[in-house]
Structures are given as structure tokens and as C-alpha cells.
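K.L.:
The structure under discussion is supplied below as C-alpha cells; questions concerning it will follow.
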Amino acid sequence: MLSRDELLVQLNCRGILRENGHFALHSGYHSPAYFDKGVILHDPCLASEAAHLMAVDVMNRIGGREVVILGPPTSGTVFACYVAAAWASLAHGYGCHFAYGEKGPEGTIVFSDQNQACLYGADVVVIEDVLTMGSSVRRLIGHLQHLGSKVIAVGAICNRGGVTAESLGAPSLCSLFDVPLQIYEARECPQSVLGVPIDLTFGHGRQFVKRHRGKLDIP
Ligand SMILES: [Zn+2]
């Protein structure tokens, strides 16, 4: 397996961090930089390496115990699946299960009966891909409490918003990348104010343009 530094070198060579652009994020915010999680998620070898490092990191924080690994839909679930496989290979003598939610109406997450049964009474490790404001993970943690689960750690490929464990309401937060990046409300984004076109290749630029037809009501 690769060390963290070796993995970072490979990811940087592949352009995982794109700077000096104008990107729309899933959260609706704009940023001059974009963390391209697809560099990891579209390469099973790199995803396995990153998941191994994540599993080791979280295990070192929480110690040996039986856990359920859970990822928010949809790309969070993809990476969480890799982490669960890495965890299972490392957790000698401890059980590891995997659960997943599905997108419900208005940004909610719903769990099938089978997934709820897996989560009930469990110590849960939530694995996300990119944390920007952390709001979706915060909502997920609240939801899991209602399901009778206890979130003991959160892991993310990238913490790009300076999110803390305290702000999530989780005992522990691990991230492979900590790259605080500037984000702006779309209407206050300096590049939007100047009329710089949004990037349509990376991020959620196409959805943004479709939603706003390329125009923002900028004061
Ligand atoms: Zn903008």
C-alpha cells in the first residue's frame, strides 16, 4: 500500500486540486478552486489506497470495535464501500458491516428496513467524500440518532471547509486532505460579479447554468 505522502503525490500529479478557476459546488456555493474527487472515485486502485489510509486513520482514533460503515448517497456511499472493504481486511477479530441510504425527497436520506436493522444500536462510522459546510453530514447524524445509532467518527476524503468534529456533533473527524478553500454565495462571488463564465467541465457548473440560465440577480 502507498503511504499518505506517496498517495498525495500521485493525486496532485493527476490534478486533484484545480485552482484559479470559477466553479459551482454541489452545495450551491462558488469557488475559485475545485477538489476533483473523481480522480479518486474513477480509479479503483487509487480509491482502494485512499480507503486503506482512511480505515487505518479512523481505527487509530476509535480503537478496535465492531462498527457499521455508512456513506451518504451517492458518491459518499461509493467511497464508504471501499473503506468498509479495507476495514474488514484490517479489523482482525472485529466485525464490520456496511449500510447505505438512498436519496429521499427534498435532500433527505431514507433507509430501507434492512439498512435500518443494520444500523439500529450500532456504532457508526460515517464516510463522506468532500466536506464543504458539513450540513448534510450534520443532518445525517441527527437522522441516525433517531434510528438508534451512535456515530463515533466521521471520515472524509477532503475537508475543504474547515469543518470540525464539534460542528458536526461527532466525537472524531478524520480527513485525508485538509485544504480550506475560499467559497462564496453565488451572488457574492467576485467572479460572478465580474461576469466570468462558470466552469462547465468540473463541479456542478452545468446544473448551475441550467438553473440560472447563466444569469444571477446580482445587486
Ligand atoms: Zn461565481
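What follows draws every value from the coordinates through simple rules; no lab data is involved. It should be emphasised that the depicted structure is a prediction, and the values quoted were computed from it without experimental measurement. Every residue, glycine among them, receives a Cβ derived from its backbone with ideal geometry; neighbour counts consider all protein chains shown.
K.L.:
Could you derive backbone 3J(HN,Hα) for segment 203-212 from the dihedral phi with the Karplus parameters 6.51, -1.76 and 1.60 (θ = phi - 60°), listing whole Hz in sequence and x where the residue is Gly or Pro?
P.N.:
My calculation for segment 203-212 gives x, 10, x, 5, 4, 4, 5, 4, 5, 9 Hz in order.
K.L.:
At 25 °C and 0.890 mPa s, grab the translational diffusion coefficient of segment 4-212 from Stokes-Einstein with a Kirkwood Rh over Cα pairs, rounded to a whole number in µm² per second.
P.N.:
Translational D for this selection: 139 µm²/s.
K.L.:
How big is D, in µm² s⁻¹, for segment 125-209 by Stokes-Einstein at 20 °C and 1.002 mPa s if Rh is the Kirkwood radius over C-alpha pairs?
P.N.:
The diffusion coefficient I find is 148 µm²/s.
K.L.:
Please get the size of the charge dipole for the chain, origin at its Cα centre, with Cβ charges of +1 on Lys and Arg and -1 on Asp and Glu, quoted in debye to the nearest 20.
P.N.:
Working: 17 positive and 20 negative charges, 104 e Å.
In total the dipole reaches around 500 debye.
K.L.:
Describe numerically, in nm with one decimal, the distance between label points set 7 Å from Cα along Cα→Cβ at Asp43 and at Leu90.
P.N.:
Label-label distance for Asp43 and Leu90, simple model: 2.0 nm.
K.L.:
Out of the chymotrypsin sites (Phe, Trp or Tyr not before Pro) in segment 70-178, which ones are loop residues according to DSSP with at most 15 other C-beta atoms within 10 Å?
P.N.:
Working: sites: Phe79, Tyr82, Trp87, Tyr94, Phe98, Tyr100, Phe111, Tyr120, Phe177; in loops: Tyr94, Phe111, Tyr120.
Sites meeting the loop and neighbour criteria: Tyr94, Tyr120.
K.L.:
With 10 angstrom as the radius, rank His92, His212 by how many other C-beta atoms surround their C-beta, starting from the fewest.
P.N.:
Exposure proxy ranking, most exposed first: His92, His212.
K.L.:
Under 19 Å from a point 7 Å along the Cα-to-Cβ line of Asp123: which residues of segment 163-195 have their amide N that close?
P.N.:
Of the residues in segment 163-195, 165-166, 169-175 have backbone N under 19 Å from the label point off Asp123.
K.L.:
Hey, another quick one. Tell me, what is the percent relative contact order of segment 74-219, built from C-alpha pairs under 8 Å that lie six or more residues apart?
P.N.:
Details: 187 pairs, mean separation 23.2, N = 146.
The value is 16 percent.
K.L.:
So, one more: I'd like to know which of His42, Phe79, Phe208 lies farthest towards the positive end of the charge dipole of the chain, counting +1 on Cβ of Lys and Arg and -1 on Cβ of Asp and Glu.
P.N.:
Phe208
K.L.:
Now a separate question. Mind pulling the angle between the C-alpha long axis of helix 135-146 and the longest principal axis of the chain? Nearest 10 degrees, somewhere in 0 to 90.
P.N.:
30
K.L.:
Moving on. For a paramagnetic label modelled at 7 Å from the Cα of Lys103 toward its Cβ, which residues of segment 7-31 fall within the zone defined by backbone nitrogen distances under 18 Å?
P.N.:
Backbone N within reach: 24-29.
K.L.:
Taking the 0 to 90 degree range and rounding to the nearest ten, how far is the long axis of helix 4-13 tilted relative to the main principal axis of the chain, both from C-alpha atoms?
P.N.:
Once rounded, the angle reads 30 degrees.
K.L.:
Label-point separation (nm) for Asp178 and Leu194, each offset 7 Å from Cα along Cα-to-Cβ?
P.N.:
3.1
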